[in-house]
Structure formats: C-alpha cells, structure tokens
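Worksheet: the structure to be examined is printed underneath.
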Amino acid sequence: MQKQTPYFGSVKFFKHVIYLSLALLGFVVFSKLYSYSKEHFAERTFAAIPSANLLSDGETSEQTFTAPNYQSKYPELYSSIPKAFRQEKEKVAYLTFDDGPSIRTLEILELLKAFNIKATFFVVTEGTDLSILKRIVQEGHSIGIHCHSHEYKKLYASTENFLEDLHTAYNKIYQATSIKPRFIRFPGGSINAYNSINYQEIISEVLRRGFLYYDWNVSTGDAASNPSLEQIMQNIKASVNGQDKLIILAHDSEHKTQTVAALPKIIEFLTREGYTFDRLEPTVKPIIFAYP
Ligand SMILES: [Zn+2]
C-alpha cells in the first residue's frame with residue numbers, strides 16, 4: 001500500500017496557503033482603493049468644489065462653493081469679447097468723451113464732422129437727452145456705457161448696485177439706438193477711491209459677462225473743473241509723452257465749454273505729431289489701469 005502523505009506540511013498544503021494569502025491581499029488592496037476613490041473623487045462634482053478659504057489652523061473649510069446671486073441676474077446682460085484684437089496703426093488716437101450727451105455733444109459732433117474723424121462717447125443715461133445717441137451712431141461714432149446714475153457712492157456700494165445700474169444704462173442705450181453696447185468706461189476709471197475694496201469683484205463680473213472696459217493714458221484734465229484751453233493743451237502735451245497708442249479722456253457734459261473750444265487744437269496738435277484718429281470698437285485692445 002502506498003504511504004499516504006499527511007496534508008499538513010505537504011506541497012499541496014503550502015500551495016493552498018499561498019493561494020489564500022494572495023486572495024486575501026487582493027481583497028485588502030481592492031477595498032482600500034475603493035474607499036480612497038470614493039472619498040477623493042465621488043464628491044468632487046462641479047457643484048461641490050470645496051471652498052479655497054483656509055481656516056486659521058490651516059485646514060480647508062467644509063464650505064462648498066456657491067456662485068454669488070448677482071451672477072444669475074439680468075440674463076440678457078451679456079456680450080462677447082472678440083477672439084482676437086486687431087492690428088492697429090502705429091500711431092493712433094482714440095478721442096473719448098464721458099458724461100454726455102448734452103448740448104456740448106452736438107458741438108463736438110459738428111467739429112468731428114468738419115475734421116472728418118471718428119470718436120467714442122461713453123454716455124450717462126439718467127437725466128440726459130437720449131435722442132442725441134441716434135445721431136452719434138448715424139455719424140459713425142461709437143457708444144459705450146458710462147452709467148445710468150453718476151452717483152459714485154451708490155454705484156460702487158456693492159457689485160449688485162453696479163450691475164443694476166449697468167443693466168439700466170445698457171437697456172436705455174439699446175432702446176435709443178437699437179445697438180447693444182459692448183464696452184464700458186467705469187465712472188472715475190476702473191480703479192478709483194470709491195471701489196478700492198470691491199473693484200476686482202466688479203471688474204471680473206463685467207468681464208465674465210463679456211464686456212470690455214477702457215481706461216485712458218492721456219487726459220485733458222477736465223474731469224473735476226472746466227480748465228482753460230491753454231491748461232487743457234498743456235495737460236494733453238504732458239500726457240501724450242511719445243506713446244504710440246492714445247486713449248484720450250475728455251468730457252462732453254454741459255459745463256465743459258473749454259473742452260469744446262480746445263478740441264480743434266487737440267486734433268491739429270495730434271495730427272502734426274503723426275497720429276490718426278479712430279473710434280473704439282471691441283476689436284481695439286483696451287488700455288486699462290494696473291492693479292495696485
Ligand atoms: Zn463720468
């Protein structure tokens with residue numbers, strides 16, 4: 001009779017031990033991987049991105065990201081930023097007029113026609129004669145949004161306030177011209193004493209909605225007062241400073257008589273300096289103030 005080998009300690013026994021261990025190891029690895037992926041990936045949907053706010057002890061807060069309410073307001077208040085900016089002439093000047101339209105706008109339109117040049121008007125829609133907007137467009141100039149109410153304190157009190165005002169101005173310009181405005185000039189410039197706390201939020205919301213904004217690199221200095229023609233020319237000459245591209249800030253509100261008086265001199269001076277004039281359009285790369 002053949003001798004029976006005991007099972008314990010046999011080759012078969014050790015084979016079974018090895019198979020069992022491999023099966024157990026496989027199960028442990030699988031269950032670890034499963035719980036890790038569940039924890040790290042399953043809850044990372046778009047709606048539940050953990051907030052980037054760090055708590056004082058360095059841990060990430062459990063708070064999830066929720067879009068601010070103002071983002072869902074005014075669904076028609078959207079534009080589109082062009083895919084590319086155009087190649088501009090080597091020396092180009094963009095005359096821009098804020099705070100109109102007013103009786104001064106009509107005088108400026110006559111001068112622009114006489115010199116055969118185009119310009120840009122950033123208009124205020126509260127308490128102004130919006131019938132003038134149609135003439136601005138008919139004569140080939142551009143219109144951008146300045147604001148509805150020119151009350152800086154109220155305008156910049158919150159992003160909600162700013163958007164509400166922008167929405168009103170946008171609609172009024174559209175009603176008056178049948179053209180949807182595509183760019184803005186922030187009252188006081190994109191960064192000013194009234195929005196030092198929230199300018200980044202306001203600017204990013206304006207850009208998120210596809211609107212461009214233009215600041216300036218040359219100023220007539222006529223914002224606060226009605227400086228003399230000589231003073232305006234000095235301001236212009238001092239700020240042109242050999243730059244190739246000029247976005248010139250001027251105002252066409254009712255009291256700016258000296259700005260109108262200086263306009264022919266400004267045009268003649270810049271023409272002598274080799275500049276050609278053009279109007280702003282969304283394909284013109286903006287000049288914007290640097291963040292402090
Ligand atoms: Zn203004």
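Every condition in (1) over 19 Å from the mean Cα position of the chain (by Cα); (2) within 14 Å of the ligand (Cβ to nearest atom) is met by Leu130 except one, and the failing one is (2). Consider segment 103-127 and keep the residues that are closer than 17 Å to Asp278 by Cα and either within 16 Å of the ligand (Cβ to nearest atom) or small (Gly, Ala, Ser) (or both). The one that is nearest to the chain's Cα centre (by Cα) is Phe122.
Scanning segment 112-119 turns up at least one residue that is modelled with pLDDT of 80 or more, exposed (fewer than 10 other Cβ atoms within 10 Å of the Cβ) and in the same structural domain as Gly274 (by TED's automatic domain parsing).
Is segment 226-248 home to any residue that is within 16 Å of the ligand (Cβ to nearest atom), at pLDDT 95 or above and either touching a Pro at 6+ places or on another chain (Cβ under 8 Å) or under 28 Å from Phe85 (Cα atoms) (or both)? Yes: segment 226-248 contains one or more residues that are within 16 Å of the ligand (Cβ to nearest atom), at pLDDT 95 or above and either touching a Pro at 6+ places or on another chain (Cβ under 8 Å) or under 28 Å from Phe85 (Cα atoms) (or both).
Would it be correct to say that Thr220 is of a type in the set (S, T, N, Q), within 18 Å of Phe121 (Cα to Cα) and in contact with a helix residue (DSSP H, G or I) (Cβ under 6 Å, 6 or more places away or on another chain)? So Thr220 passes the test. Residues in segment 175-199 that are away from the ligand (no atom under 16 Å from the Cβ), under 16 Å from Pro292 (Cβ atoms) and loosely packed, with under 13 Cβ neighbours inside 10 Å: Ser196, Ile197. Residue count for segment 1-26, restricted to those that are modelled with pLDDT under 65 and of a type outside the set (Val, Ile, Thr): 5. Is at least one residue of segment 233-245 without any contact (Cβ under 8 Å) to a residue 60 or more places away in the chain and of a type in the set (Lys, Arg)? The answer is yes, given that some residue of segment 233-245 is without any contact (Cβ under 8 Å) to a residue 60 or more places away in the chain and of a type in the set (Lys, Arg).
The values are calculated or read from the model by the stated rules, or taken from the named source; none is laboratory data. A quick note: this is a predicted structure, and the numbers were derived from the prediction, not measured. Methodologically, a virtual Cβ is constructed for each residue, glycine included, from the backbone with ideal geometry; neighbour enumeration extends over all protein chains shown.
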